[in-house]
Amino acid sequence: LIDAKILALKAQLRDLFQERNAVAPVGRMLPELLVQVFSYLRREWSVGGENGKVPLTLKFTHVSRHWRAVALNCPALWNEI
């Protein structure tokens, strides 16, 4: 019973975070503008990860669901290994 309550609260918290992200100015950026920003920064690397560096484009996909969808729907970000 307690575990079910915890799961329900986690789901509510996730929904609240998503709602907050949707009303934040950065969360309302047009996909076209986000793609331009992502494309500009795609060759940059971020410190961290197993090998010491992680492509910044991968980090974009962890900001919000909106950013993830935009980044994953932009083939130009993923055309290099």
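The values are calculated or read from the model by the stated rules, or taken from the named source; none is laboratory data. Every value quoted in this text rests on a predicted model; they were computed, and no experiment measured them. Glycine gets a Cβ as well: all are built from the backbone with ideal geometry, and neighbour counts include every protein chain shown. Keep in mind that these areas ignore ligands, DNA and RNA; they rest on the heavy atoms of the full protein, side chains included. Shrake-Rupley method; radii C 1.70, N 1.55, O 1.52, S 1.80 Å.
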* Structure fact -> Per the list (1) modelled with pLDDT of 85 or more; (2) open to solvent by less than 100 Å² (accessible area, probe 1.4 Å), residue check on residue 73 breaks on (2)
* Return yes when residue 43 is open to solvent by 60 Å² or more (accessible area, probe 1.4 Å), assigned to a helix (DSSP H, G or I) and either modelled with pLDDT under 85 or not acidic (Asp, Glu) (or both) and no when it is not. => no
* To do: Please tell me if residue 28 is open to solvent by 90 Å² or more (accessible area, probe 1.4 Å), among the basic types (Lys, Arg) and at pLDDT 85 or above.
  => no
* Scan of segment 1-25 for residues that are hydrophobic (A, V, I, L, M, F, W, C) and in contact (Cβ under 8 Å) with a residue 12 or more places away in the chain, ordered by number -> 22
* Asked: Of all the residues that make up segment 1-25, how many are basic (Lys, Arg) and loosely packed, with under 10 Cβ neighbours inside 10 Å?
  -> 1
